[in-house]
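**Student:** This structure is in structure tokens; I'll ask about it shortly.
The values are calculated or read from the model by the stated rules, or taken from the named source; none is laboratory data. Computed from a prediction, not measured in an experiment: that's the story for all the values here. Neighbour counts are summed over all protein chains in view; Cβ atoms, including those assigned to glycine, are modelled from backbone coordinates with ideal geometry. Accessible surface areas use protein heavy atoms only, side chains included; no ligands, DNA or RNA. Shrake-Rupley method; radii C 1.70, N 1.55, O 1.52, S 1.80 Å.
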Amino acid sequence: MIRRALPCLVALALAACAVPPPKSMPEAAPTPAAPVDPLAAEVPAPADAPTPIPYSPAMEAAWRADFARETAQRYRIPQARIEAVLASAQVRQPIINAMSRPAETKPWRDYRPLFIQPKRIDDGRAFLAQHRDALQRAEDKYGVPKEIVVAILGVETSFGRVKGNHAVVDALYTLAIAYPRTGDPARAERENRRQAFFRDELAQLFKLAEEEGFDIASLKGSYAGAMGWGQFMPSSYRDYAVDGDGDGRRDLFNNLDDVFASVANYFAKKGSWQRGAPVMQRAVRDATAADYANPGNAVTLNQSLDGLRALGYREADPVAVLHLDNARQTTPVTLITLDGVSGPEYWIVYNNFKAITTYNISRLYATAVYQLSQAIAGRDVEAS
């Protein structure tokens, strides 16, 4: 996952890595190979694709030397080991192309069908049924509903079938040294931050390899460097991956107990997931209500249910949150507007929605995950 406006979103097979085979586990339910999700596909660069930062071999060599020295000092890793890996790392144009056109730029009416579709729902229900006991253990421990964990795996990797075929070191190296630029001065600061983010993730990849015994050159993942069933970035792997079955290892490539526990732990720790609390619900707008300004992707819970009602936005189904009646003024919420098939959709979102955006900051992504989870659980959400 990227803590980005991506994605992480990203729906992205790791054929081999340096992780020894874990103890046997049930195979995923046999289904036809799923098509690669649009977020992961290597697509041709559009006509207006940003061009990478121009650099020369001399500059690249200097960049590598600085990076190796800084990373060695920061993580106490032999500099020669870092330099040996970087000597074969390459800037890959397909990675730049994919980063240049994330699916989150689509309106909700076009984004939703990418993930809320019959096959993915059926596959999710079969996956949940097959792994219900392990998923329930993760839910009991961390408080994150099992259908949310399953939906994350469905959106990110089509339930483990599409984990990405990019060399992780090449993906991170490419974005650390040649992050795509639009040439728009207004976007320069964000692009600088994004490039710095990927430089840090590349450095953390070396530390992760030291901690987990990975062979960096063998790791495969998404175009953004996310890895495993849940598409964890190196920093998230280091901070939130857990040993779900007590075998002494954190294996997010092959061990589903670790995968389920790690995704749930991520939401519990980074997202402060609230056990049993709502995620989002449809709202109705009064005819006289003014537009609710809430631009961008970041979710700031700066309203209450009563506050939204005073502004002309109320719950479409008040019974769904009847248990919040005594906390209508204190439960933090906000309102988001999505471009649906039949026009604007208004949604009241809660802390647990914000928790999903810590996995991928896109509101579209978080909504897709939630609606897919509800469909998998048999609680379909109205499309528009």
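**Student:** Evaluate E = 1/(1 + (r/R0)^6) for Asp339 and Asp317, where r is the Cβ-Cβ distance and R0 equals 22 Å; express this FRET efficiency to the nearest 0.05.
**Tutor:** It comes out at approximately 0.50.
**Student:** Report the one residue of Gly248, Val279, Ser262 whose Cα lies farthest in the direction of the positive end of the charge dipole of region 201-292 (charges on C-beta: Lys and Arg +1, Asp and Glu -1; origin at the Cα centre).
**Tutor:** After comparing all options, I get Val279.
**Student:** Can you sort Glu83, Glu189, Glu315 by 1.4 Å-probe accessible area, starting with the largest?
**Tutor:** Glu189, Glu83, Glu315
**Student:** Also, quick follow-up: Could you work out how much longer the chain between Ala84 and Lys270 gets when fully extended? Use 0.36 nm per residue separation minus the Cα distance between them, nm to one decimal.
**Tutor:** Between Ala84 and Lys270, full extension yields an extra 63.6 nm.
**Student:** Another question, then. Ratio of Rg to Rh for region 95-182, alpha carbon only, Kirkwood?
**Tutor:** Value, to two decimals: 1.07.
**Student:** For region 107-195, with all protein chains present and a 1.4 Å probe, just round the carbon and sulfur fraction of the accessible area to a whole percent.
**Tutor:** 48 percent
**Student:** So if I place +1 on the C-beta of Lys and Arg and -1 on the C-beta of Asp and Glu, and nothing else carries charge, what would the dipole magnitude of region 208-269 be about its Cα centre? I want it in debye, nearest 20.
**Tutor:** 280 debye
**Student:** Pull out the extension gain between Gln130 and Arg379, defined as 0.36 nm times the separation in residues minus the alpha carbon to alpha carbon distance; nm, one decimal.
**Tutor:** Full extension of this stretch gives 87.7 nm more.
**Student:** Sticking with this structure for a sec: Full-extension gain between Asp286 and Ala61, please, as 0.36 nm times their residue separation minus the C-alpha to C-alpha distance.
**Tutor:** 74.9 nm
**Student:** Just to be sure I follow: if Rg is taken over the C-alpha atoms of region 170-303 and Rh is the Kirkwood radius over the same atoms, what is Rg/Rh?
**Tutor:** For region 170-303, the value is 1.08.
**Student:** Okay, next question. Let's test the formula: R0 of 35 Å, r as the Cβ-Cβ distance of Asp247 and Asp325. What FRET efficiency results, to the nearest 0.05?
**Tutor:** Using R0 = 35 Å, I get an efficiency of 0.15.
**Student:** Given the protein chains as shown and a 1.4 Å probe, how many square angstrom of Tyr240 are accessible, to the nearest 10?
**Tutor:** 40 Å²
**Student:** Can you tell me the accessible area per residue over region 263-321, all protein chains present, probe 1.4 angstrom, in square angstrom?
**Tutor:** 51 Å²
**Student:** Given a 1.4 Å probe and every protein chain left where it sits, what share in percent of the accessible area of region 288-365 is carbon and sulfur?
**Tutor:** Answer for region 288-365 is 54 percent, counting heavy atoms of protein chains only.
**Student:** At Arg109 and Ala217, where each label point lies 7 Å from the Cα along Cα→Cβ, what is the point-to-point distance in nanometres?
**Tutor:** 5.2 nm
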